[in-house]
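**Q** This is the structure, below, for whatever I ask next.
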Amino acid sequence: MGLVPIMSTRPDDASGQRWDRLMAAAQVGDANAYRALLGELVVWLRRYYARRLPPAMTDDAVQDVLLAIHEKRHTYDPARPFGPWVAAIARYKWIDRLRTLKAEASEPLDENIGVSDHGESVVAGSTFQQLLAELKPPQAEAIRLVKLEGYSVEEASRATGQSISLIKVNIHRGLKRLARIIKATHDAD
């Protein structure tokens with residue numbers, strides 16, 4: 001059993017050196033370099049916060065760091081590495097987020113709190129899974145991704161390896177088949 005690596009609090013050397021160059025160019029007015037830098041930072045920051053904060057707080061923390069970088073970019077010294085500068089800002093913003101979690105009041109839940117019955121939802125979900133099992137796997141997967149999980153057709157295409165037009169065809173044919181199955185079941189009752 002191998003050890004699971006813990007993500008470093010600093011970017012790797014290749015990213016750090018590239019970021020050094022991009023930030024130096026951004027400081028002298030290169031908007032394209034600044035845009036590229038921020039794009040790369042978003043990816044790194046999302047990974048950084050993914051293991052440190054609840055998912056609902058990740059995007060806000062990323063935005064906090066980007067805003068801090070933007071506001072303080074004039075203080076960055078291009079003679080020094082950019083990666084540790086960004087990592088320090090990310091760490092401070094992480095600590096700020098943890099403080100807000102601690103400061104938020106939490107009340108114990110009343111033991112008599114009403115909980116709705118989810119029986120119908122469970123049955124409906126189970127029935128729908130059975131219906132999807134009646135379809136060809138590519139049709140079921142296309143319907144699941146686009147109609148249930150909210151993927152765009154393009155995202156579903158990338159996720160499955162099916163072409164965009166094939167995703168559309170599989171959804172259309174799959175839904176048509178589901179309608180026939182449901183109608184046949186209804187007619188039999």
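**Q** Quick one: in segment 34-90, of everything that is within 22 Å of the chain's Cα centre (by Cα) and acidic (Asp, Glu), which residue is farthest from Ala14 (Cα to Cα)?
**A** Ranking the candidates gives Asp60 first.
**Q** Please verify whether segment 98-115 includes one or more residues that are at pLDDT 80 or above, closer than 25 Å to Arg46 by Cα, surrounded by fewer than 12 Cβ atoms within 10 Å (Cβ to Cβ) and of a type outside the set (Val, Ile, Thr).
**A** yes
**Q** Are any residues in segment 1-39 at pLDDT 90 or above, out of contact with any helix residue (DSSP H, G or I) (no Cβ under 7 Å at 6 or more places or on another chain) and either closer than 13 Å to Val65 by Cβ or small (Gly, Ala, Ser) (or both), and if so, which ones?
**A** Result: Ala24, Gly29, Ala31, Gly39.
Here's the yes/no breakdown for (1) modelled with pLDDT of 80 or more; (2) closer than 26 Å to Leu166 by Cα:
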residue	(1), (2)
Gln63	yes, no
Leu67	yes, no
Ala87	yes, no
Asp96	yes, no
Ala124	no, no
Glu134	yes, yes
Ala142	yes, yes
Val146	yes, yes
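**Q** In segment 140-175, what count of residues is obtained for those that are among the small types (Gly, Ala, Ser) and in a loop (DSSP other than H, G, I, E, B)?
**A** Start the filter on segment 140-175 by keeping residues that are among the small types (Gly, Ala, Ser), which leaves 140, 142, 150, 152, 156-157, 159, 161, 163, 165, 174.
So of that shortlist, the ones also in a loop (DSSP other than H, G, I, E, B) come out as 150, 152, 161, 163.
Total meeting the criteria: 4.
**Q** On the given criteria, is Leu53 surrounded by 14 or more Cβ atoms within 10 Å (Cβ to Cβ) and at pLDDT below 90? Don't jump to the end; show me each part of the working.
**A** Working: surrounded by 14 or more Cβ atoms within 10 Å (Cβ to Cβ): yes; at pLDDT below 90: yes.
Taking the combined requirement at face value, the residue satisfies it.
The values are calculated or read from the model by the stated rules, or taken from the named source; none is laboratory data. Predicted model, so just to flag it, every value in this text is computed and none were measured. Because the Cβ atoms are built from the backbone with ideal geometry, glycine has one as well, and the counts that use them run over all protein chains shown.
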